[in-house]
Structure formats: structure tokens, C-alpha cells
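The values are calculated or read from the model by the stated rules, or taken from the named source; none is laboratory data. A quick note: this is a predicted structure, and the numbers were derived from the prediction, not measured. Positions of Cβ are generated from backbone atoms using ideal geometry, with glycine treated the same way; all protein chains shown enter the neighbour counts.
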Amino acid sequence: MKSFRIIKKFKQLTPGEERGYAKTLNDSANAIAIVKKYLEQRVIKADTKLGNTQSLYSGSGDCALKVACLLAEREAHLNLLNLLTETFDLLDVDHTGD
């Protein structure tokens, strides 16, 4: 149930609402595909900047800070991308009668 964990973060939801959230997330595949493409482009852009060591370590400022910021930005985009590529399991069993 790893993919269901984001919905479980909403503590006040009933099991019926949880299923509804999961269904909505699964049904929005086309919109999510656009966001995924954008995030993939941002990761590629960060990789390109990180690969250009001459540019990273030239100029004024703290080079290590620039690299750390780029790595943090890349990680954030990868985390979002990973979250968007998961599918959400729909629970068929509802013990509450909702």
C-alpha cells in the first residue's frame, strides 16, 4: 500500500472519501502527464547545469552553495515526479458502510 500513503496523510477522511481521492488521482492521468513532462524537463535542466563544471565553478560567489542549491532543486523535482508516477490502490472493502 505504498502508493496509498499520500491519501492517508489526510487524517480526517472516511474510507469512502479515501477511495474517492484515489479514484480522482487515478482519473486525472492526462493532466498529471503534463506536470510530469514539466518536472522531467526541470530535472534535465538541473542535470545540464550540474554537468557543466566550468560554469559551476567560475565566477563569483560560493560554488559549493550553487551546487547544493541545484542538487536540492533536482531532488525536489525528482520527489514530485516520483509521487506523480505512483498509482493509487482503490480499496474495495468498506467496513463503515459509507
TODO: Considering only residues that are exposed (fewer than 15 other Cβ atoms within 10 Å of the Cβ) and of a type in the set (D, E, K, R), look in the range 4-38 and name the one that is modelled with the lowest pLDDT.
DONE: Arg5
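So how many residues does the range 13-43 have that are touching an Asp or Glu at 6+ places or on another chain (Cβ under 8 Å) and either without any contact (Cβ under 8 Å) to a residue 12 or more places away in the chain or part of a helix (DSSP H, G or I) (or both)? Break it down into steps so the answer makes sense when it comes.
To start, the set of residues in the range 13-43 that are touching an Asp or Glu at 6+ places or on another chain (Cβ under 8 Å) comprises 14-17, 19, 22, 42.
Next cut, either without any contact (Cβ under 8 Å) to a residue 12 or more places away in the chain or part of a helix (DSSP H, G or I) (or both) only: 15-17, 19, 22, 42.
Qualifying residue count, the range 13-43: 6.
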Open item on the list: Looking only at the range 71-94, how many residues end up being at pLDDT 90 or above and either surrounded by fewer than 13 Cβ atoms within 10 Å (Cβ to Cβ) or hydroxyl-bearing (Ser, Thr, Tyr) (or both)?
Closed with: 4
TODO: Looking only at the range 71-90, count how many residues are in a helix (DSSP H, G or I), touching a residue at least 40 places away in the same chain (Cβ under 8 Å) and not polar (S, T, N, Q).
DONE: 4
Open item on the list: I need a count of the residues in the range 37-88 that are farther than 30 Å from Asn26 by Cβ and under 12 Å from the mean Cα position of the chain (by Cα).
Closed with: 0
Open item on the list: For the condition touching a Lys or Arg at 6+ places or on another chain (Cβ under 6 Å), in a helix (DSSP H, G or I) and either touching a residue at least 24 places away in the same chain (Cβ under 8 Å) or loosely packed, with under 13 Cβ neighbours inside 10 Å (or both), what is the one hit in Ala68, Ala46?
Closed with: Ala46
TODO: May I ask you to list pairs of residues, at least six apart or on different chains, whose Cβ atoms are under 8 Å apart, with the first in the range 51-62 being closer than 20 Å to Arg74 by Cα and in a loop (DSSP other than H, G, I, E, B) and the second being of a type outside the set (S, T, N, Q) and modelled with pLDDT of 85 or more?
DONE: Tyr57/Cys63
